[in-house]
Ligand code: 3PY
Ligand code: MG
């Protein structure tokens, strides 16, 4: 079986839709559990997740069929390079608002002559044989579109050479557009924006990605053309299942926690 670096890239290049699970809980067991649940990929969220240690979480994912990605905290080249050197097959970078920021993102993730990633793929070269020869071709680099400014610069961001695709953060995008953070993009201005992002991304042969809690919103995203679809976080799935069991037995559950 091809390794995770080849596998995820090849499946996306072939037009397949990838189901991604999102990791917010610290400790490797929830990563293993999510990987064994059947997600094609898992993203370690270093922006809003509860830090469980990057390398040990990557090692836990490596014991499952899922390919590992990292959402870095911000556009900060050292974080991007560390995630890739540690073995992430792709990175998702929050709050990319301009083409200049998108170029800086790609520059940090691609080796010369295309970019300025420093050479030192410590763990990546251990687990992905021939890493240098294929890293630039197979590493996935997603720019998050999650503000009104990013929407106004969408076309310019999508023209960035070396970008694999974009990844929509519906909570921040709706917060920026309407002052309310919601993951529900099924209607209104956020709905139009999410549809437009998919259309413009697909039109350029790039990969449209999005965060959803799973269920109907994940299905809607796929209908819109999204092909890298996050469908749930370990935190929210565990919380929802626990509340549902208690609610069932007591006749009323606790309300869902805020956040995602
Ligand atoms: C958002 O919805 O803003 C996100 O960043 C999802 O992870
Ligand atoms: Mg966000």
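Of the residues making up the range 86-106, those that are out of contact with any helix residue (DSSP H, G or I) (no Cβ under 6 Å at 6 or more places or on another chain) and touching a residue at least 12 places away in the same chain (Cβ under 8 Å) number 11.
Output the residues belonging to the range 154-183 that are farther than 18 Å from residue 218 by Cβ, part of a helix (DSSP H, G or I) and near ligand 2 (Cβ under 10 Å from one of its atoms). Before you say what the answer is, go through the steps one by one.
The first filter runs over the range 154-183 and keeps only residues farther than 18 Å from residue 218 by Cβ, leaving 154-164, 172, 175-181.
Then drop every residue that is not part of a helix (DSSP H, G or I), which leaves 154-158, 172, 175-178.
172, 175, 176, listed by residue number.
Screening the range 199-217 for residues that are within 16 Å of ligand 1 (Cβ to nearest atom) and in contact (Cβ under 8 Å) with a residue 24 or more places away in the chain and picking the one that is farthest from the chain's Cα centre (by Cα) gives 217. Taking first residues from the range 221-248 that are farther than 24 Å from residue 9 by Cβ and partners that are assigned to a helix (DSSP H, G or I), the Cβ contacts under 7 Å between residues at least 6 apart in sequence or on separate chains come to 234/30; 234/34.
Rundown of residues vs (1) surrounded by 21 or more Cβ atoms within 10 Å (Cβ to Cβ); (2) in contact (Cβ under 8 Å) with a residue 12 or more places away in the chain; (3) touching a strand residue (DSSP E or B) at 6+ places or on another chain (Cβ under 6 Å), yes/no style:
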{"residue": "1", "(1), (2), (3)": "no, no, no"}
{"residue": "6", "(1), (2), (3)": "no, yes, no"}
{"residue": "14", "(1), (2), (3)": "no, no, no"}
{"residue": "20", "(1), (2), (3)": "yes, yes, yes"}
{"residue": "30", "(1), (2), (3)": "yes, yes, no"}
{"residue": "34", "(1), (2), (3)": "yes, yes, yes"}
{"residue": "48", "(1), (2), (3)": "no, yes, no"}
{"residue": "51", "(1), (2), (3)": "no, yes, no"}
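Counting the residues of the range 132-146 that are touching a helix residue (DSSP H, G or I) at 6+ places or on another chain (Cβ under 9 Å) and surrounded by fewer than 19 Cβ atoms within 10 Å (Cβ to Cβ) gives 4.
All of 197, 207 fail the test of being within 21 Å of residue 105 (Cβ to Cβ), within 16 Å of ligand 2 (Cβ to nearest atom) and touching a helix residue (DSSP H, G or I) at 6+ places or on another chain (Cβ under 9 Å), apart from 197.
Residues that are farther than 24 Å from residue 12 by Cβ and within 14 Å of ligand 1 (Cβ to nearest atom): does the range 128-148 have at least one? So far as the range 128-148 goes, yes, one or more of its residues are farther than 24 Å from residue 12 by Cβ and within 14 Å of ligand 1 (Cβ to nearest atom). Looking at the range 12-123, the strands (runs of 3 or more DSSP E) lying wholly inside it that each contain 3 or more residues that are at pLDDT 95 or above and away from ligand 2 (no atom under 16 Å from the Cβ) sit at 18-23.
Do we find that residue 164 is crowded, with 20+ Cβ neighbours inside 10 Å, within 15 Å of the chain's Cα centre (by Cα) and closer than 20 Å to residue 224 by Cα in this structure? Even if it seems obvious, please write down each step before you answer.
Values: crowded, with 20+ Cβ neighbours inside 10 Å: yes; within 15 Å of the chain's Cα centre (by Cα): yes; closer than 20 Å to residue 224 by Cα: yes.
Criteria met by residue 164.
The values are calculated or read from the model by the stated rules, or taken from the named source; none is laboratory data. These numbers were taken from a predicted model, which means no experiment stands behind them. Positions of Cβ are backbone-derived with ideal geometry, glycine not excepted, and every protein chain shown enters the neighbour counts.
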